[in-house]
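Notes follow the structure.
The values are calculated or read from the model by the stated rules, or taken from the named source; none is laboratory data. The structure presented is a predicted model; accordingly, all values stated were derived computationally and were not measured. Every residue, glycine as well, gets a Cβ built from its backbone with ideal geometry; the counts of neighbours run over all protein chains shown.
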Amino acid sequence: MNGSEPLAFADTGSAFMAVQQNRAFGIVANTMTITKLVNDSQADGIPMRMIEEPMALQPIGIGMKRDGPQLLARVNETLAEMERDGELTAIWNRWLGPETEFMMVRTDRVTPFSQLQFTPLP
């Protein structure tokens, strides 16, 4: 889409409608929103698809005070255990997984912040 001229809409629904009406070429939004719109578009209107490579990586984190090493250790331990036991994937599958309206497969995993590799947005 290099050379495209960006358009702004008041909300995602308006942007989606513009694509369906051939007034826009595509939409930029979060993965969950785009996945739902793409899935819905297969049956209604103009079928859409999502590009594989994200435009930006947006890690999700938990913030806490620096002077709370016991809390930090407990949170890290709990998240690692939930990942190891498959509990996080089960929660994902319940709300966003292949059997839901979103039909999303969980690919991200709990990762220590020090191991994340991404370029922060300016």
| note | The condition of being farther than 30 Å from Arg23 by Cβ and surrounded by 13 or more Cβ atoms within 10 Å (Cβ to Cβ) holds, among Glu77, Glu99, Glu83, only for Glu83
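Okay, residues lined up against (1) more than 19 Å from the chain's Cα centre (by Cα); (2) closer than 30 Å to Phe25 by Cα; (3) free of Cβ contacts under 8 Å to residues at least 60 places away in the same chain:
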| position | (1), (2), (3) |
| --- | --- |
| Gln58 | no, yes, yes |
| Gly61 | no, no, yes |
| Asp67 | yes, no, yes |
| Gln70 | yes, no, yes |
| Arg84 | yes, no, yes |
| Leu88 | no, no, yes |
| Arg94 | no, no, yes |
| remark: Residue hits (the stretch 87-117; out of contact with any Phe, Trp or Tyr (no Cβ under 7 Å at 6 or more places or on another chain), part of a loop (DSSP other than H, G, I, E, B) and within 19 Å of Gly61 (Cα to Cα)) are Thr107, Asp108, Arg109, Val110, Thr111, Pro112, Leu116, Gln117
| Boolean, Leu71 is among the aliphatic types (A, V, I, L, M), surrounded by 14 or more Cβ atoms within 10 Å (Cβ to Cβ) and not in a loop (DSSP other than H, G, I, E, B) | no
| Candidate set from the stretch 90-116 (those that are out of contact with any Asp or Glu (no Cβ under 8 Å at 6 or more places or on another chain) and among the β-branched types (Val, Ile, Thr)); member that is modelled with the highest pLDDT | Ile91
| request: Look at the stretch 1-52 and say how many of its residues are under 26 Å from Trp92 (Cα atoms), in contact with a Phe, Trp or Tyr (Cβ under 8 Å, 6 or more places away or on another chain) and aliphatic (A, V, I, L, M). | output: 3
| Somewhere in the stretch 23-40, is a residue aliphatic (A, V, I, L, M), outside the structural domain of Phe113 (by TED's automatic domain parsing) and more than 17 Å from the chain's Cα centre (by Cα)? | yes
